[in-house]
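The values are calculated or read from the model by the stated rules, or taken from the named source; none is laboratory data. These numbers were taken from a predicted model, which means no experiment stands behind them. So basically every Cβ, Gly included, is an ideal-geometry build from the backbone, and we count neighbours across all protein chains shown. Just so you know, the surface numbers come from the protein's heavy atoms only, side chains and all, with ligands and any DNA or RNA stripped out. Shrake-Rupley method; radii C 1.70, N 1.55, O 1.52, S 1.80 Å.
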Amino acid sequence: MRRRTQTQQGFTYSLSAILFRLFGLAVIDAFALWILPQMIHDRVWYLVVLLVVITLGINIIFLKEEYYPLRWMSPGLALMILMVVYPLVFTVYTAFTNYSDGHILTKQQVIQVLSQRLYLPEGGESYRWTAYRSEDGRYALWLVAPDGRTFVAFPGEPIQPADPGQGDIGPADEQGTPTHIRDLRRLDRIQVIRYLPDLEKLEFGTPPHVLKIRSLDEAAALQPRYVYDPQQDAIVDQQTGKVYRADDRRGSFVAEDGEALTPGYQVFIGAANFQRLFRSPALRGPFLKVFLWTILFAAGTVLTTFALGLFLALVYNDPSIRGRKVIRSFLIVPYTVPSFISILVWRGLMNPHIGVINTTLEKFIGWAPPWFSSPTWAKIGVLLVNLWLGYPYMMLISTGALQAIPEDLYEAAEIDGAGMWQKFWTITLPLLLVSVGPLLISSFAFNFNNWNVIYLFNRGGPPMPGTPTPVGHTDILVTYTYRLAFASGGGGDYGYASAITIIIFLIVATITYFQFRYTRMWEEISENV
Amino acid sequence: MKQRHIWTLLVILVVASLLVTACAKATPTPTPTPVPPTPTPKPPTPTPVPPTPTPQPPAAKLVIWADENRAPIMEEIAKAFTEKYGVEVEVQQVGFGDIRDQFKVAAPAGEGPDIIIGAHDWLGELVVNGLLAPVDLGAKKEKFLPSALQAFTYNSQLYGMPYLTENVAFFYNPDLVPEAPKTWTEVTKVAAELEKAGKVKQGYVLHQGDPYHFYPIMTAFGGYVFGKDKDGNYNPQDLGIDSPGSIAAAKWLDMMVKEGHLKPDVDWDTAHTMFEQGDAAMIITGPWALKRIRESGVHYKIAEIPDETADGHPFSGVHGFMISAFSENKLLAQTFLTEFVATEENMWKLFNADPRPSAFLPVREKIDDPDIAAFGLAGKNADPMPAIPEMSKVWEAWGNAITLIFQQQEDPETAFKNAAEQIRQAIAGGQ
């Protein structure tokens, strides 16, 4: 305590430190101020709020002496807000929206997309065109109607009938097209393409007679087909006169007869995603089976990996084994290979036709487990692969925790005449679980949602027959969610997927809570040792 | 003292990096449009210099997303376009499997490309989300394969310029099967004879649970996935997975497995290896496997899909160029495609980069590779893979039904009827 006060004083009153701190803050604030307008311009409001909160927080923490201890934590806090809290909030928010295929744009974007759709009204003229451009970037069009009449059109000026060589229009060439109009020179095909970005945005003529370029050959009196009317919050189809009113509960513009315009837009739909989940036949059908297997899978993985990891840690903890460091290093290898590669390798090894494991077994005992077609063997296969992936982690943490158990406990036990097993059950395991227990729980929570292993190994297969939605025998809740929301559900139903995610989170959180209470038991035991 | 500075610096770095990530998400500020040159007083030179068109820096730029096969070629084409017209075109390489998903995120954020290169079955999803602009091919339309244009048509509107078509065909080993079987009953017979004689492990090989490679068999028995209306649009209300033809095909598959002519748990790779090593005599596969089959040195011939009670035909996939609804330069993008990419020279370049039947007729008609031509023949009656969003609900249930038959877990009729029920529920939105 005393030491900290000293250092605090030493730092606080150093002038260069204060200047450095102020300079640092100035840089951060300047950066924030520079980027804020851009973010506001892009309407990314969540990020705007987040940035303001983080920047203000940093300023307060670094300027107010009483928040001194927080300075140490501020990088972590800033990262946590951005990388953990923000995605969480966003997931919860998404769960209450209809964000899915067909509803990924905002209402404004939908209006923008729709109002870009053009059509040629009945009786609307279309012309062949030649473009002219002045040196300072003004444009004009020479138009030829289907019946051969010719016109000149400028943006914002009425379209005039005109003939080559007449007035300020240049003489015609062999094709009958004037060489220049006023001070504007004719563009050849190459130049037209160069200036197309300008030309395609221009409207020639004055309303109501306005022409737009439709293609390299054709300019036409195109009209926007859909016009947004803010007064009745509706989109009017100019071609048919049909009115599509905004339905903000559905997130679509809908006509009287129920026809909806695509695309729809994102809206807040309350608990509809949750209602849909609870009413879905997916819950009535195989859900319980999937849920039980998920728990079995997660618990089984933790148990088997911990048992093997602890066994290896104990064996190689014995100093009398030669080369144990080398062996230990080799045993950690599965932990260092990216799991998505090793899972695929295992999938190949266990292939019933060409896999090394199966062909070898076939050769020697004449039978090999049907890893991919039998529900039971598929489950065992997944557990075996996950055992291979997971034991090095357990071995590492057990090795570390073993060092922390005092030698004299064992000596005392030996004097009391305890055997090897007795020492293990009464000293090693309880003391180990005190430090390793929380890690086991986090391993359980991790495997509860271990999408990689299931999906890459056999995609949840083999399929269960006769279910209301497609599901496999080794599907766990996450892969099942994935099937529901993305694979069979309809391309990308993000709102629904977020709702299921929240439910899964609640399940995992409940289980974890009880597990933590349970592990307190071990602490009591360790106190008595 | 020192430690303190490090901490402060760390804070700055962390916050700066956070802001940079945030910045990367924000749209780049539009580059200021070149200010029109202010009219400067003319210098009193005696001879009036004719106003030469000053080469202005290009104001617009086209961005194209292409996969690793297409990107180098597009790069070349883009460079030539820039040289000729002075419009900058940037080609960004994005994995084929990622283009659709990334486009869905990037386009509404205003950061997407102007043009993407993709497959026609993305159409439904992208159009429903309002991300694609219609394409007008103008006079060039006649130079494209009509069925490829049909594949890129959604709600009677063309949304893409096709450049290649692909479909599976029937491969057989002429050393083992002298003549291509005409019907699936014949395939069964030939397979049984070959297996009995011990010449092969499996006469005909099909990997487990893949609807795409099962579809040609299903159509041969008169089955279908979605019925079509009179304009050739797929009708999501008319699901044919449990139609009598589809069930007949499922029963044939069941018989093949029961009699040991087809084995469960064969995957795509194993099936191809068997064919390449002469352990299997017949297989259905696509142009993507051509390279490995050629390299294996096995003798092969490519034929049309055998028929049974109806004409057996595969799904066809069409790849093409699509224009973003959020592009600032749609007409320029369209002009780039119709005027520059849709030429014989550049279409040949695209063909050579990835030899599959071209959708551009002047190239398609001159392909002298007999295998590619055979694929074209096998695909002459092909159904375009349905691009309607409902199709995404079909694959999994349908594939599971086929797997269940392979693994003999369910009888074929129940499996296909249940799959159809699952799909109908998913389409109805009940799940």
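Within region A:336-379, the chymotrypsin sites (Phe, Trp or Tyr not before Pro) that combine a DSSP coil assignment with at most 13 other C-beta atoms in a 10 angstrom radius are A:Trp367. For B:Ala133, the residues whose amide H sits under 5 Å from its own are B:Ile323, B:Ser324, B:Ala325, ignoring neighbours fewer than 5 places away on the same chain, with H placed 1.01 Å from N. For a test of the definition: using alpha carbon positions, the gyration tensor, and the 1.5 limit on a/c, classify the protein assembly as shown as rounded, prolate or oblate. Taking the square roots of the gyration eigenvalues as a ≥ b ≥ c, the protein assembly as shown is oblate. Test of the criteria: in region A:416-514, which trypsin sites (Lys or Arg not before Pro) are in a DSSP loop and have at most 16 other Cβ atoms within 10 angstrom of their Cβ? Answer by residue number: there is no such site.
How big is the Rg/Rh ratio for region A:282-527, C-alpha atoms only, Rh by Kirkwood, two decimals? Radius of gyration relative to Kirkwood radius: 1.03.
Among the listed pairs A:Lys379/B:Lys258; B:Lys189/B:Lys251; B:Lys61/B:Lys330, those with a Cα-Cα distance over 20 Å are A:Lys379/B:Lys258. The solvent-accessible area of B:Ile284, taken with every protein chain present and a 1.4 Å probe, is close to 10 Å². Each of A:Thr512 and A:Thr359 was given a label point 7 Å from its Cα along the Cα-to-Cβ line. The distance between the two points is 4.4 nm. Over all alpha-carbon pairs in chain A, figure out the percentage whose distance exceeds 29 Å. Percentage above 29 Å: 74. Summarised in one figure, the compactness ratio Rg/Rh of chain B, Cα atoms and Kirkwood Rh, is 1.09. The Cβ shell under 14 Å around A:Ile354 holds other residues with a net charge of -2, Lys and Arg each +1, Asp and Glu each -1. For chain B, the longest principal axis of the Cα atoms and the long axis of helix B:2-25 meet at an angle of about 70 degrees.
What the phi angles of region A:164-174 give under the Karplus curve with 6.51, -1.76 and 1.60, with θ = phi - 60°, is a coupling list of x, x, 9, x, 8, 9, x, x, 7, 8, 4 Hz, glycine and proline written as x. Within the accessible surface of the protein assembly as shown, defined with a 1.4 Å probe on protein heavy atoms only, the carbon and sulfur portion equals 60 percent. When the alpha carbon gyration tensor of region A:4-95 is reduced to an equivalent ellipsoid, its three semi-axes come out at 30, 17, 7 angstrom, largest first.
The 3J(HN,Hα) values that the Karplus relation (6.51, -1.76, 1.60; θ = phi - 60°) gives for region A:220-233 are, in residue order, 9, 7, 7, 10, x, 6, 10, 10, 7, 10, x, 5, 9, 6 Hz. Gly and Pro appear as x.
The amide H of B:Leu164, built 1.01 Å from its N in the peptide plane, has B:His319, B:Ala359 as neighbours under 5 Å, considering only residues 5 or more places off or on other chains. Of all the options B:Trp184, B:Trp288, B:Trp65, the one that moves most in a Gaussian network model of chain B with Cα springs shorter than 10 angstrom is B:Trp288. In this assembly, the B-A interface accounts for approximately 6900 Å² of buried accessible surface in total, computed with a 1.4 Å probe and without ligands, DNA or RNA. Efficiency by 1/(1 + (r/R0)^6): what FRET value for A:Asn317 and A:Leu288, r their Cβ-Cβ distance, R0 = 30 Å, to the nearest 0.05? For A:Asn317 and A:Leu288, the calculated efficiency is 0.10.
Here's how it looks for A:Leu118: its modeled amide H is under 5 Å from those of A:Arg225, which are all 5 or more places away or on a different chain. Rounded to the nearest 10 degrees, the angle from helix B:211-220 to the longest Cα principal axis of chain B is 60 degrees.
Our note on the geometry: Cα centres of region A:444-477 and region A:240-283, 31 Å apart.
Both radii were evaluated on the Cα set of region A:121-224; the Rg over Rh quotient, with Rh as the Kirkwood radius, amounts to 0.93. Computed from backbone phi with θ = phi - 60° and the Karplus coefficients 6.51, -1.76 and 1.60, the 3J(HN,Hα) list for region A:259-271 is 6, 10, 7, 9, x, x, 10, 6, 9, 7, 10, x, 8 Hz; x is used for glycine and proline. Which distance in Å, rounded to a whole number, links the C-alpha centroids of region B:207-278 and region B:108-152? A separation of 29 Å, based on Cα centres. Taking every DSSP bridge with both residues inside chain B, close to 65 percent are antiparallel. Using only side-chain charges placed at the Cβ, +1 for Lys and Arg and -1 for Asp and Glu, the dipole size of chain B relative to its Cα centre rounds to 1360 debye.
Heavy-atom accessible surface of chain A, averaged per residue, reaches 52 Å², computed with a 1.4 Å probe. With q set to 0.11 Å⁻¹, the log10 of I(q)/I(0) for region A:194-268, from the Debye formula over equal scatterers at the Cα positions, is -0.43.
Please determine, in degrees from 0 to 90 and to the nearest 10, the orientation of helix B:244-258 with respect to the longest principal axis defined by the Cα atoms of chain B, where the helix direction is its Cα long axis. Around 70 degrees separate the two axes.
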